[in-house]
1. Mind checking which residues of segment 78-121 are among the small types (Gly, Ala, Ser) and modelled with pLDDT under 95?
2. Read through the list (1) part of a helix (DSSP H, G or I); (2) over 28 Å from the mean Cα position of the chain (by Cα); (3) at pLDDT below 95, then give the number of the only condition that Tyr506 fails.
3. Please find, within segment 504-537, the residue that is farthest from Lys573 (Cα to Cα) out of those that are surrounded by fewer than 19 Cβ atoms within 10 Å (Cβ to Cβ) and of a type in the set (Gly, Ala, Ser).
4. Step by step: first the residues of segment 519-572, then only those that are among the small types (Gly, Ala, Ser) and in a helix (DSSP H, G or I), then the one that is modelled with the lowest pLDDT. Which residue is that?
5. Tell me which of these Cys153 doesn't satisfy, since it passes every other one: (1) of a type outside the set (S, T, N, Q); (2) closer than 25 Å to Ala103 by Cβ; (3) assigned to a helix (DSSP H, G or I).
6. Can you find, within segment 62-77, the residue that is modelled with the lowest pLDDT among those that are of a type in the set (Ser, Thr, Tyr) and surrounded by fewer than 17 Cβ atoms within 10 Å (Cβ to Cβ)?
7. Among (1) within 25 Å of the chain's Cα centre (by Cα); (2) assigned by TED's automatic domain parsing to the domain that holds Pro338; (3) at pLDDT below 95, where does Leu194 come up short?
8. Search segment 111-130 for residues being of a type in the set (Asp, Glu) and loosely packed, with under 14 Cβ neighbours inside 10 Å, and hand back the single one that is farthest from the chain's Cα centre (by Cα).
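The values are calculated or read from the model by the stated rules, or taken from the named source; none is laboratory data. Since this is a predicted model, take the numbers as computed values, not measurements. FYI the Cβ positions are ideal-geometry reconstructions off the backbone, even for glycines, and counts take in every protein chain you see.
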Amino acid sequence: MCQFKEGSAALIIEGKGGLKKKIIICTGTGCVANGAMEVYKAFAAEVNALGLKVVTTFEGASSSTDKGGTVYISKSGCQGFCQMGPLVKIMPDDILYNRVTPADVKSVVEKTLMNGEVIDSLLYVDPVSGQHCRSQKEIPFYQRQSRFVLKQCGELNPEDIQEYQAIGGYAAAKKAYMEMTPEAICKDLIDSGLRGRGGGGFPTGKKWDVCRVQKNDKKYIICNGDEGDPGAFMDRSVMEGNPHAVIEGMMIAARAIGADEGYVYVRAEYPLAVKRVRQACDDARAAGILGDNVFGTGMKFNVNVMEGAGAFVCGEETALMASIEGDRGMPKPKPPFPAQSGLWGKPTVINNVETLATVPLIMNIGVAAFRALGTPTSPGTKTFALSGHVANTGLIEVPFGVTLKEIIFQVGGGVTDKKGRIDPEGFKAVQIGGPSGGCLTREHFDLMLDFDSLRSIGAMVGSGGLVCMNKSTCMVNIAKYFMQFTQKESCGKCVLCREGTKQMLYLLEDITEGRATMETLDLLKELAIVVQKGSLCGLGKTAPNPVLSTLKYFYDEYLAHVVDKRCPTGECKKLARPEIHPDKCKGCTACVKKCPVGAIKGEVKKPHVLNADICIRCGVCAATCKFDAITGV
């Protein structure tokens, strides 16, 4: 017999005198890239070699009566701690091993599975305390999170519908179709306060209700999985790790508005997400959940999976619909809004992946329990892709209202320097919301991260990218990077976005290459405001955000580039001057010995001097220096 521990999704195989183990191997994109599938195969081979029965499906685990011991080897989606993958969880012992290789598998099977020993070398070691963390709940990265939407992504097999159903999957959709009216569903969503997680933050229930009252014999639900922000991978991980939750959310939305057809629009660059969502749709149809007779009610709902061509602008809902219709992905003026006239002129609701995956959870726990999370105006949690100069990178989930300081220094473990070492004073900024967002600085450490607080300072949640930057980062160069991205991704339909972003990029290039004057800065700000106000869609309206926020918070850095013709961090090579900082140099002579042209001179234990006229900027000295004393090479 099989049993799921409530809340843990840890399957326990009950066998007389046999093992009771479940091995969960993270097979999100990051872990797969690091060899997780080879680890998965190695576990099956090693367990088989011991004469134990291996099962790889929930059905097999459920029906197993093998007295010699059964081991359930399961895949999961992203478990979040991407930099430590491949991750392997042993249940019910609650042991989490990190950076597991196929060579480690034999030891794990023989020592941990058979004898209950813990292998310290495979445990995560907290760099602050030096403690070996046996389980996920002992790791600071996880301790500070509230994994609500992501919880099952790291525990369930995303390719097994029966495992999803075993923890109550599709119960909320069944209730919506068999026990609730469309009005009641919309009211629950309105009361929950759920706001769209794709960046705009529009109330989900209100969007559904607007579409519900439209009189039309055909309506559509679209799941927007066209996640294109640099540094963002939240929606991808949810589609890979719990695709059935997304489909269930679409079903509830379809019942609420009266739709009988839906589309999941996924970036073609997400092949694993595409594969798992398609398989989930096929399995749901085979189980009678999707199709022409949903839960035997006689109502229809079918889901199509479409791969996008990778255009960032197709994240905008009218451009996305144009792409589905077979046209070039270009935005259209609003109104009419999609809820009134959308796909093929029919009323359409478009929600992003995380929003839809949250819907069945709300229905399962109730509106009051959901509103207990987060803030009054931004209830619930938000997933973020935490990356950059931070000790712990990966996929995180925190309640709205958490502060930037808590994310960076508690979940993230602190800011790192160029060599990956913790630097308590190294923080410079966080770019939130990708190219649509803005910079948060030290003065925003105690700002509650929610839709309204961020909007009040000219930033936005966006899809959820969080890129942490240390003091070695040139903020002018960062603004130029995001402007390059948005300029290339502009569809070209409106002049202000097409030409305005191009001219803004030219001005930023002038600044980073030493051609700018003070008039350049004035023109850059003026143009940014015009593009922001006059562009047709969200891409153009938000494209100037990184420029405007860096101008506001790092104006001195712009002045250094323009007036002094110097890049303070040395990142802008045409403005960088090679130098050794005497306050950091210890006179160890390591750089002197490595310099191929003899540009560095100095005595032992005294600050050295670098001759910029001789230096060829090969970077060898900076790579050798243990004290970060050399810049501009």
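1. Gly80, Gly85, Gly116 - these are the residues of segment 78-121 that are among the small types (Gly, Ala, Ser) and modelled with pLDDT under 95.
2. (3)
3. It comes out as Gly534.
4. Gly538
5. (2)
6. Taking the candidates together, the pick is Thr65.
7. Against the list (1) within 25 Å of the chain's Cα centre (by Cα); (2) assigned by TED's automatic domain parsing to the domain that holds Pro338; (3) at pLDDT below 95, Leu194 comes up short only on (3).
8. This residue is Glu117.
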